[in-house]
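Following: one structure in structure tokens, then a few remarks.
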Amino acid sequence: MFIPSILEYRKIKILSEKNQHLSAHNHELQVEMDELTKNNLSFQERLSEYETVIEDLDTFAFTFDLTKNKWSIFPDANSKAARDNIHEGLYLIEKNVHPNDRMHFTKKTSQWLSGQFAAFEYRTLQPNGEVYWKELRPYPIMDSFDEVERISGIIIDISDRKLQEEKLAQMAFYDNLTELPNRLMLKNHLKKVLSRAKRKDHDFAIMFIDLDGFKDVNDTLGHDVGDALLKDVAVRLTSSVREEDLVSRIGGDEFIIVFEETSKEELEVISSRIIQNIGNPYYISEKKAHVTPSIGIALFPEHGDEIDSLVDHADKAMYAAKSNGKSNYQFYSPELMFEHSQRESLIVKFRKIFQK
């Protein structure tokens with residue numbers, strides 16, 4: 001039987017202690033590895049959730065390292081690694097920017113690359129022709145010398161928000177039935193037209209149109225037919241004037257058209273065209289309807305130098321046209337003879353609108 005010497009016993013004891021120490025160290029390493037594996041799995045789960053959120057929001061993030069001239073975009077289907085050349089990364093973002101917004105986009109990116117930071121909106125044009133709205137939000141990361149070191153940011157799809165804004169604007173400034181500008185838009189437009197006319201010393205005209213026979217259409221054929229007829233009238237009026245002229249519906253069967261920089265002779269031609277186009281028969285739901293326009297026209301500055309007086313004079317000229325047999329046009333003149341109506345005058349309606 002082998003009996004170790006004292007020296008050998010000490011060696012065995014030392015080796016045993018080392019083994020125990022190594023075993024304990026290995027256990028600690030295993031615990032650390034398990035913890036790292038756990039943390040990595042948690043990180044991968046959070047990363048997967050982040051990717052899902054990014055994809056669901058139609059959003060992607062970017063970062064530009066100005067010191068290393070490197071960029072990365074997330075998610076990027078082509079590569080997860082950072083690439084050289086910041087301008088290449090900018091091109092990846094810019095390539096789908098709408099041509100009409102490209103100059104604006106380039107100006108903004110130049111600003112925040114040089115240290116000026118502000119979110120901005122722009123449109124993108126897809127290969128299939130669809131247009132989307134995006135919002136770019138850059139965030140600066142500064143170094144110890146207060147210089148821009150890195151620019152990170154996100155690009156968010158805001159198309160739904162823009163669509164909602166357009167709907168609200170449509171409701172606020174356009175007539176629900178005909179989709180023509182309403183009184184509020186007409187008010188704003190006339191203010192601008194009057195300001196331009198006074199500043200540039202040019203004329204403009206206000207044409208007021210009332211439909212003869214519209215009440216009979218409503219009474220005999222029903223309001224649905226009357227509404228459909230008004231929609232058709234709106235289309236015919238728009239096609240009868242110039243592209244730059246504003247056609248508005250101010251209520252009921254009343255319309256106002258604003259003409260800038262036109263002559264009296266041209267207004268006569270347009271008025272005759274409106275009378276012919278509006279006077280043609282309407283075939284709606286297998287029913288035939290007929291209305292004619294009575295047209296009153298007031299000129300700036302000949303018939304007034306403020307909106308109230310011009311609208312009032314166009315209203316009076318329209319009544320003179322009705323008194324003269326309807327289906328005709330009449331320019332305002334102080335000598336005009338016209339019949340007074342029991343309805344609320346147009347000028348009173350306009351004063352109410354302008355006071356809001």
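Nothing in this text is a laboratory measurement; each read-out follows from the coordinates by a stated rule. Computed from a predicted model, the values in this text were never measured in an experiment. No Cβ is skipped: glycine too gets one built from the backbone with ideal geometry, and neighbour counts run over all protein chains shown.
Percent of Cα pairs in segment 191-239 per distance bin of 5 Å, from zero to the largest separation: 5, 16, 17, 14, 11, 10, 10, 9, 6, 2. The orientation-averaged projected area of the convex hull spanned by the Cα atoms of segment 174-355 comes to 10.0 nm².
Using a simple spin-label model with pseudo-atoms 7 Å out from Cα toward Cβ, Met33 and Lys215 lie 9.6 nm apart. The GluC sites (Glu not before Pro) found in segment 130-201 that occupy coil by DSSP, while having at most 16 further C-beta atoms within 10 Å, are Glu130, Glu147, Glu179. In sequence order, segment 247-263 has phi-based couplings of 9, 10, 10, 9, x, x, 10, 10, 9, 10, 10, 10, 10, 9, 6, 9, 9 Hz under the Karplus curve 6.51 cos²θ - 1.76 cosθ + 1.60, θ = phi - 60°, and Gly or Pro positions carry x.
Segment 61-175: percent of C-alpha pairs farther apart than 19 Å? Provide the component values of the computation, followed by the final result.
Details: 3421 of 6555 pairs.
When all Cα pairs of segment 61-175 are counted, 52 percent exceed 19 Å.
Percent relative contact order of segment 230-330, based on C-alpha pairs within less than 8 angstrom and at least six residues apart?
On the way: 117 pairs, mean separation 21.0, N = 101.
Reported as a whole number, the value is 21 percent.
Ellipsoid fit via the Cα gyration tensor, segment 145-259: semi-axes of 40, 23, 10 Å, each the root of five times an eigenvalue, largest first. With a Förster radius of 35 Å applied to the beta-carbon distance between Asp84 and Glu135, the computed FRET efficiency rounds to 0.80.
If only the Cβ of Lys and Arg carry +1 and only the Cβ of Asp and Glu carry -1, the dipole of segment 133-251 around its Cα centre is close to 480 debye.
Annotated for segment 60-164: lysine pairs at least 8 residues apart or interchain, Cα distance under 22 Å, count 15. Look at where the Cα atoms of segment 199-221 and of segment 118-183 average out, and the two centres are 38 Å apart. For segment 121-204, the list of chymotrypsin sites (Phe, Trp or Tyr not before Pro) that fall in a loop by DSSP and count at most 14 other C-beta atoms within 10 angstrom reads Phe145.
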